[in-house]
Amino acid sequence: MAKEKKKDGKESRYAYKKKSAWEILTKEQIKKAFAFSENYKKFLNEAKTERESINFIQNAAKKAKKKNFVNKDKEAAIIIPGKKPISDGLRIIISHIDSPRLDLKQVPIYEESSCNCALFETHYYGGIKKFHWVVIPLAIHGVVITKNGKKINFNIGEKETDPVFAVPDLLPHLSHKVQDEKKMDEAITGESLDIIIGSEPIKGDYSDKIKTAIVEKLFKDYGIIEEDFISAELEAVPAFKAKDLGFDLSMVAAYGQDDRVCAYSSLQAILNIEKPENTCVALFVDKEEIGSEGNTTAQVTAFLRTIIRQIDPKVDIDGIMLKSKVISADVNAAVTPNYTEVFELKNASTLGYGVVMSKFTGHGGKYNANDASAEYVGEIRNILNKNKIPWQTAELGKVDNGGGGTVAKYFSRLGMEVIDLGPAVMSMHATYEITSKVDVYSAYLAYKAFFKN
Ligand code: MN
Ligand code: MN
């Protein structure tokens, strides 16, 4: 075995060992990391959906007087012009602002007379484990477009005085046959994720008295009728707030940290750089969790092309793209207690070891991957080391144990250099995800250093 340290105390060139962010960061930086997380938690509480995130980002950009563009309320870009001409290429950091959730169906309200309650039908969005979504407090966020074309913003379940909603579950006394004997991913079905919304009947001669009472109330409170739900996007999300986790307050537990942790840290990074060499762009896109399908996603280049043309109408866009460098700011999976067997520990990310560099994504045989070049990995690694930013390298799980993708591949198709870089998240895609405060701060430092370079 090679020695880890030489006599002079310098690191050995014979052994690679990742280092804890708690050791690399100075005392002052760790203090800053904790302060950074206070505002990060506020963002997580304020922006639980894609629309709310874009609204937050747009307001922050306006307040900082930074050039910003918004597409259809679901996608945004912030631009900082560089000293060099735009033809020298861009520095882009892209994150996604959607998270797994329960969407309401278009005809959602019904009354279940056998239980005397009214419910919302849902269709889950993104990769969820369905049992995470039962018996937790839910809030409903989103928009309803009324028959007159008015947009009503919905946000119920977040304020202390608001009611919450919940998907009921069966008591253990009776769940033996219908749940316990089944496979975990079959025990709770997609159609059983309906949300209880009321139980008091209206007085008078109506067929569905509880449902009618709810529809009446919605009309009184919001001016919406039942048909309006057809032109609505309503999302049920966990109602709980972002919190510090652990006796030492070293972690953040919250819904939607994939990928709002990267959205927030890249937002703060771009708002805190001035006069970079190359023109910098922070992009925030929607619908990554359903494969980046849709008109406000990483697969649509019209938005980025339009922005580039607004900066310089005569520029050669393809030429710029070939010279541009991109960070796909997305999370990786933190090694999880009790389930370490799904990770290959030398190439896995852990909480507290800094921002995670993932050279490639995809699954079995690197299918559907973006695989960054050694040259580009080297460049990013040097930026991180030069700036003493804690980082680690990882791939998502053991070979052939699954996998996952990010928006990286869509940008690499444009000829850009792209690499994945973001914090590790424990319990990713669960209703309560965990990050380490020093990792969140490392991501912020990394994004800022990338923009500056
Ligand atoms: Mn993600
Ligand atoms: Mn995800």
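The values are calculated or read from the model by the stated rules, or taken from the named source; none is laboratory data. Quantities reported herein were computed from a predicted structural model and do not represent experimental measurements. Please note: Cβ atoms are built from the backbone with ideal geometry, for glycine as well, and neighbour counts cover all protein chains shown. The accessibility values were calculated without ligands, DNA or RNA, using every heavy atom of the protein model including side chains. Shrake-Rupley method; radii C 1.70, N 1.55, O 1.52, S 1.80 Å.
The table below lists the values:
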{"item": "Filter result (in a loop (DSSP other than H, G, I, E, B) and out of contact with any helix residue (DSSP H, G or I) (no Cβ under 8 Å at 6 or more places or on another chain)) within the stretch 149-167", "result": "GLY149, LYS150, GLY157, LYS159, GLU160, THR161, ASP162, PRO163, VAL164"}
{"item": "Selection count where residues are open to solvent by 10 Å² or more (accessible area, probe 1.4 Å), under 21 Å from SER412 (Cβ atoms) and either part of a loop (DSSP other than H, G, I, E, B) or hydrophobic (A, V, I, L, M, F, W, C) (or both), scope the stretch 83-99", "result": "1"}
{"item": "Those residues of the stretch 333-354 which are touching a residue at least 60 places away in the same chain (Cβ under 8 Å) and open to solvent by less than 10 Å² (accessible area, probe 1.4 Å), in sequence order", "result": "ALA334, SER349, GLY352, GLY354"}
{"item": "Of all residues in the stretch 31-57 being more than 22 Å from GLY126 (Cα to Cα) and aliphatic (A, V, I, L, M), the one that is surrounded by the fewest Cβ atoms within 10 Å (Cβ to Cβ)", "result": "ALA35"}
{"item": "Residue selected from the stretch 224-246 under the condition aliphatic (A, V, I, L, M) and assigned to a loop (DSSP other than H, G, I, E, B), by the criterion farthest from VAL143 (Cα to Cα)", "result": "ALA242"}
{"item": "Identity of the residue in the stretch 392-427, under 30 Å from LYS27 (Cβ atoms) and open to solvent by 40 Å² or more (accessible area, probe 1.4 Å), that ends up nearest to ligand 2 (Cβ to nearest atom)", "result": "SER427"}
{"item": "Selection count, the stretch 168-214, where residues are farther than 24 Å from PRO137 by Cα, assigned to a loop (DSSP other than H, G, I, E, B) and not β-branched (Val, Ile, Thr)", "result": "9"}
{"item": "Residue within the stretch 238-253 that is under 15 Å from the mean Cα position of the chain (by Cα), more than 16 Å from ligand 1 (Cβ to nearest atom), more than 20 Å from ALA424 (Cα to Cα) and open to solvent by less than 40 Å² (accessible area, probe 1.4 Å) present", "result": "yes"}
{"item": "The stretch 58-82, subset assigned to a loop (DSSP other than H, G, I, E, B) and under 22 Å from ASN155 (Cα atoms), residue most open to solvent (accessible area, probe 1.4 Å)", "result": "LYS72"}
{"item": "Near pairs, Cβ below 9 angstrom, 6+ apart or cross-chain, from the stretch 125-148 (farther than 22 Å from GLU288 by Cβ and assigned to a helix (DSSP H, G or I)) to any residue that is among the hydrophobic types (A, V, I, L, M, F, W, C) and more than 16 Å from ligand 2 (Cβ to nearest atom)", "result": "PHE131/MET184; PHE131/ALA187; PHE131/ILE188"}
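Let's see how each residue does on (1) acidic (Asp, Glu); (2) at pLDDT 95 or above; (3) in the same structural domain as LEU90 (by TED's automatic domain parsing):
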{"residue": "GLU288", "(1), (2), (3)": "yes, yes, yes"}
{"residue": "VAL326", "(1), (2), (3)": "no, yes, yes"}
{"residue": "THR336", "(1), (2), (3)": "no, yes, yes"}
{"residue": "PHE360", "(1), (2), (3)": "no, no, yes"}
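For (1) small (Gly, Ala, Ser); (2) open to solvent by 40 Å² or more (accessible area, probe 1.4 Å); (3) over 26 Å from ILE224 (Cα atoms), each residue gets a yes or a no:
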site: VAL107; (1), (2), (3): no, yes, no
site: TYR110; (1), (2), (3): no, yes, no
site: PHE131; (1), (2), (3): no, yes, yes
site: ILE140; (1), (2), (3): no, no, no
site: PHE154; (1), (2), (3): no, no, no
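Residue-by-condition table, conditions (1) closer than 14 Å to THR406 by Cα; (2) under 13 Å from the mean Cα position of the chain (by Cα); (3) away from ligand 1 (no atom under 16 Å from the Cβ):
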| position | (1), (2), (3) |
| --- | --- |
| GLN257 | no, yes, no |
| GLU274 | no, no, yes |
| GLU277 | no, no, yes |
| PHE284 | yes, yes, no |
| GLU289 | yes, yes, no |
| THR297 | yes, no, no |
